[in-house]
Amino acid sequence: MRLPGTRYQEHGWEHVRKLLGQCSLQALASLCPRLVDFAQEQACLDSYLDAMAGLLHANRRCARATAHGNSYGDSTLELALELVCELQARPADWAAFRTAVEAEYARCGPFWDGPGGDAILRKKVNDMFAVLRDKVDSDNYQVACGRSCSPNKMYAYRMLDTASSEIARLFSAWREHSEQVAAIIGRPVDGVPIEVRQMRGTGDCKAAWVIRWSETLERFGGAPGPLHTRSKRFASLKSSPDKIQAMLAEIGEYEQLSSNRDCGRMLDANEATEWLEDLWRVVAESRASDELEDEPPEPAAAAATWTAQALAGSSLPVYLAVYLKMVGGADEAYPDEWLDPATGELPTMQQLAMQDRVSLPTLRKRRDQAIARLMGAARP
């Protein structure tokens, strides 16, 4: 699922969740006995954060860490590091995790040492980061859209996206699921239902289908659907088809908009380098045409100087974030002082955000504003 400002709602979350869980089990190995002591809550958080930073760094080159975390170019490692940083800024979520561990300890004693202890502990870590994920994405959604969005509403968006995908799956296999499909569309199935052809994406899903789909799950799946459990989490949605329809339309609209832009994001480093060189050349030529005819055109070697002028006022981390986005992390032309000694490449977005003492979303916003200025300066 894609929504403005969100970074954790796509399938890449599974990689992020597993990386955080894997490192957390190692980070908590020696901390569990101290977690049940309320007096050590902050000390345990500090130790956990330090250990997670080191473990994530140690795993930075593994396949899971380098995997795509979402469709915006964030790696699993970048997203995991950002959530760990957010945990430092939101200690209440750590307090809730510690309380959950304490409650389990009160029931079972030192469960982390017993059979299945790792699984229990990992589940509690997953719950902590899942709650934090929705808080971060709901905050960033509000910044991007200017509309209110609680973590619970973000959860509802994800539930509706999942429901839409499941309905699409049932529609595509309507012959095998004709009885359930008939219940969802509200009429008998006689031949290929027109709804099957209408369902091209989330935006085409109908609120009535979602409500009926949820109604059918206990009969066809053995458990109540999300709108029909005893939980009051979705109580307001169940009786508000207009709200469901608006949320489905928003998901579908943004997915269509962002997918149209994917081709630009999928440029590889070589294409991006060539594009930037063309930009510099065009700017040099356009500037030269505005000068006296007897003055020589600006040489291509002045490209870096022109870029510095166009990005004047930007901090060095923002400046490097532009290069990271448009050229890539590795280029022989980069000065040594720009590079991370550990990798020989530009620092990651997360590292640059820490250098600039801002959050990762803020750095992205400043980077994109700088690129917009760069593009604006390139227009004759």
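Tabulated results
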{"item": "Residue match in segment 3-19 (condition: part of a helix (DSSP H, G or I) and polar (S, T, N, Q))", "result": "no"}
{"item": "Of all residues in segment 159-207 being of a type in the set (V, I, T) and not in a helix (DSSP H, G or I), the one that is nearest to the chain's Cα centre (by Cα)", "result": "V192"}
{"item": "Whichever residue in segment 57-116 is more than 25 Å from E14 (Cβ to Cβ) and of a type in the set (D, E) and, among such residues, is surrounded by the fewest Cβ atoms within 10 Å (Cβ to Cβ)", "result": "D113"}
{"item": "Tabulated pairs, segment 312-331, first part of a loop (DSSP other than H, G, I, E, B), second of a type in the set (D, E) and modelled with pLDDT under 85, C-beta under 6 angstrom, 6+ apart or interchain", "result": "S315/D356"}
{"item": "Single residue of segment 332-349 satisfying the filter (assigned to a helix (DSSP H, G or I) and at pLDDT below 85) that is farthest from E86 (Cα to Cα)", "result": "D336"}
{"item": "Residue among V196, V189 that alone is of a type outside the set (K, R) and at pLDDT below 90", "result": "V196"}
{"item": "Selected residue (criterion: surrounded by the fewest Cβ atoms within 10 Å (Cβ to Cβ)) from residues of segment 122-143 that are in contact (Cβ under 8 Å) with a residue 60 or more places away in the chain and touching a Ser or Thr at 6+ places or on another chain (Cβ under 8 Å)", "result": "Q142"}
{"item": "Helices (runs of 4 or more DSSP H) enclosed by segment 52-158 - at least 1 residues per element that are over 29 Å from P4 (Cα atoms)", "result": "91-108, 117-145"}
{"item": "Where a residue in segment 211-235 is within 14 Å of Q180 (Cα to Cα) and outside the structural domain of V181 (by TED's automatic domain parsing) and its partner, wherever it lies, is of a type in the set (D, E) and surrounded by 13 or more Cβ atoms within 10 Å (Cβ to Cβ), with Cβ under 7 Å and at least six apart", "result": "none"}
{"item": "Cβ-Cβ under 7 Å pairs, at least 6 apart or on other chains, segment 25-37 side on the phi < 0 side of the Ramachandran plot, far side among the basic types (K, R) and in a helix (DSSP H, G or I)", "result": "L25/R122; L35/R98"}
{"item": "Qualifying residue in segment 22-43 (condition: under 28 Å from V143 (Cβ atoms) and of a type in the set (V, I, T))", "result": "no"}
{"item": "Checklist (1) surrounded by fewer than 18 Cβ atoms within 10 Å (Cβ to Cβ); (2) at pLDDT below 80; (3) closer than 30 Å to E82 by Cβ applied to S314, failing item", "result": "(1)"}
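The values are calculated or read from the model by the stated rules, or taken from the named source; none is laboratory data. Since we're looking at a predicted model, the values are computed, not measured. Cβ coordinates were reconstructed from backbone atoms using ideal geometry, including for glycine residues, and neighbour counts include every protein chain displayed.
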